[in-house]
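Student: Can you read through this structure? Questions will come right after.
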Amino acid sequence: MEPVSLSVDELMLRPWREDDAEAVCAASRDPLLRRWNGEERTTLDGARAWLTRIAGWSTEHCSWAVEDGGVLVGSMSLHEIDLAQAVGEVGYWMVPAARGRGIAVRCTRAVCRWGFAALELDRIQLFHAVENTASARVAAKAGFTQEGRLRRSYRYPDGVRHDELLWSRLSDD
Ligand SMILES: CC(C)(COP(=O)(O)OP(=O)(O)OC[C@H]1O[C@@H](n2cnc3c(N)ncnc32)[C@H](O)[C@@H]1OP(=O)(O)O)[C@@H](O)C(=O)NCCC(=O)NCCS
């Protein structure tokens, strides 16, 4: 699949580039990102390896760097895409300095809009650890419906299998 850019108000969601590695590395040293996303990207080599994995789009995975005035402010992805089932999963992180401006909510809405229209998805899922209250706010404000609590469903970087909340948005929600 050919990568596409999406514009959302003052923000640009664009394909990742190799030269994003330093900004990804700096963002990833934030304690919240370490907690939920792990240590890999906290080194330059790790950030480069991550970019190599995610920059290429496929029928299962699309990801964007979120820019504000040329500065990296976050990451958005649609992954676990299954076109036959018309389902996918959305994920995000924002750099600490850009948080609290509604960027995650606005970008999540935009990525869902694009996934429903361009990929003809019917259902987009969102998972987060129950302790991640910021992510729960993003899900609710981006129009997702909470469907349940998955017990000890995912081992996070702290080594603990956390309960997760499962949310979804349908194409006609
Ligand atoms: C989750 C995250 C992406 C939210 O990004 P953001 O751009 O600050 O989110 P928004 O500005 O769109 O805010 C959405 C809501 O979350 C709330 N929120 C933000 N940080 C919060 C926190 N630490 N605790 C509780 N609520 C929080 C905001 O107040 C807002 O709700 P409100 O409008 O009712 O006040 C960001 O905190 C982050 O990158 N966290 C670390 C990585 C992560 O958790 N990724 C998701 C893994 S599933």
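Laboratory data are not the source of any read-out in this text; all were calculated from the coordinates shown. This structure is a prediction, so every number in the text was calculated from the model and none was measured. A quick note on method: Cβ atoms are made from the backbone with ideal geometry, for glycine too, and the neighbour counts reach across all protein chains shown.
Student: P(r) for the range 111-173, please, calculated from all Cα pair distances in 5 Å bins and given in %.
Tutor: With a bin width of 5 Å, the distribution comes to 4, 19, 25, 20, 15, 12, 5, 1.
Student: If a helix is a whole DSSP H run, which ones in the chain reach 15 Å or further along their own axis (Cα) and hold a mean Kyte-Doolittle hydropathy of at least -0.5?
Tutor: Membrane-span-like by this criterion, though nothing is claimed about a membrane: 44-55, 103-118.
Student: Suppose only helical runs count, i.e. DSSP H with n ≥ 4. What mean residue ellipticity at 222 nm does that imply for the chain under -39500 (n - 2.57) per run, divided by all residues and rounded to the nearest 500 deg cm²/dmol?
Tutor: Computed ellipticity for the chain at 222 nm equals -9000 deg cm²/dmol.
Student: Give, in nm to one decimal, the length gained when the segment between D158 and A84 is fully stretched (0.36 nm per residue of separation minus the Cα-Cα distance).
Tutor: Taking D158 through A84 to full extension adds about 23.2 nm, to one decimal.
Student: While we're here: Per residue, how much space in cubic angstrom lies within the convex hull of the C-alpha atoms of the chain?
Tutor: Dividing the Cα hull volume of the chain by its residue count gives 111 Å³.
Student: Also: Taking the dipole about the Cα centre of the range 6-170, with the C-beta of Lys and Arg at +1 and of Asp and Glu at -1, give me whichever of W64, A21, W93 is farthest to the positive side.
Tutor: Value: W93.
Student: Continuing with the same structure: Relative to the Cα centre, what is the charge dipole magnitude of the range 99-142, using +1 at the beta carbon of each Lys and Arg, -1 at the beta carbon of each Asp and Glu, and rounding to the nearest 20 debye?
Tutor: 300 debye
Student: Sort V130, V73 so that the residue with the fewest other Cβ atoms within 10 Å of its own Cβ comes first and the one with the most comes last.
Tutor: V130, V73
Student: Within the set of other residues whose C-beta is less than 12 Å from the C-beta of H128, count the net charge using Lys and Arg as +1 and Asp and Glu as -1.
Tutor: -1
Student: Report the calculated FRET efficiency for K141 and L170 (r = Cβ-Cβ distance, R0 = 22 Å), to the nearest 0.05.
Tutor: It comes to 0.85.
Student: Now, a different point. Using the number of other C-beta atoms within 10 angstrom as an exposure proxy, rank S168, S7 with the fewest first.
Tutor: Ranking S168, S7 by Cβ neighbours within 10 Å, fewest first, gives S7, S168.
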